[in-house]
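Presented below is the structure to which this report refers.
The values are calculated or read from the model by the stated rules, or taken from the named source; none is laboratory data. Nothing here was measured: the structure is a model prediction, and the numbers come from that model. Note that each Cβ is placed from the backbone with ideal geometry, even for glycine, and that neighbours are counted across all protein chains shown.
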Amino acid sequence: MTLMALFAGTRVVSLADLQRGFNALFGYTMDYKPFYDQLAKHEFAGFMRETARRLLETLVVRVFGMPQGVPSRSFAVSSSRMAVPSRSRRH
């Protein structure tokens, strides 16, 4: 959640910005290299993808949700069809 707080509340241009923000939030001094090593792990990409998916799923406004009995309900998009597709990219 630290990364989400930093992305939402500050201007992040580089990994160094994230590291400085982390240090400021926790009053802790973590060197750049150990911080970067955690972010560089292959598993981190999957973790962030899942975190973003859950966050969007929680925060999405269900605009097209219509109550039972409404004639136009058949045109509503269900939340299961609004899922964020996952992309597998390798760099």
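Brief remarks on what is shown
- Test: ARG73 is charged (D, E, K, R), modelled with pLDDT under 85 and part of a helix (DSSP H, G or I): yes
- Residues that are of a type outside the set (A, V, I, L, M, F, W, C), free of Cβ contacts under 8 Å to residues at least 40 places away in the same chain and touching a helix residue (DSSP H, G or I) at 6+ places or on another chain (Cβ under 8 Å) within segment 18-51 comprise GLN19, GLY21, TYR28, THR29, TYR32, TYR36, GLN38, listed in sequence order.
- Within segment 48-57, the residues that satisfy the criterion of being more than 15 Å from ALA8 (Cβ to Cβ) and surrounded by 12 or more Cβ atoms within 10 Å (Cβ to Cβ) are ARG49, ARG53, GLU57.
- Considering residues of segment 1-57 that are among the polar types (S, T, N, Q) and in a helix (DSSP H, G or I) only, the residue nearest to the chain's Cα centre (by Cα): THR51
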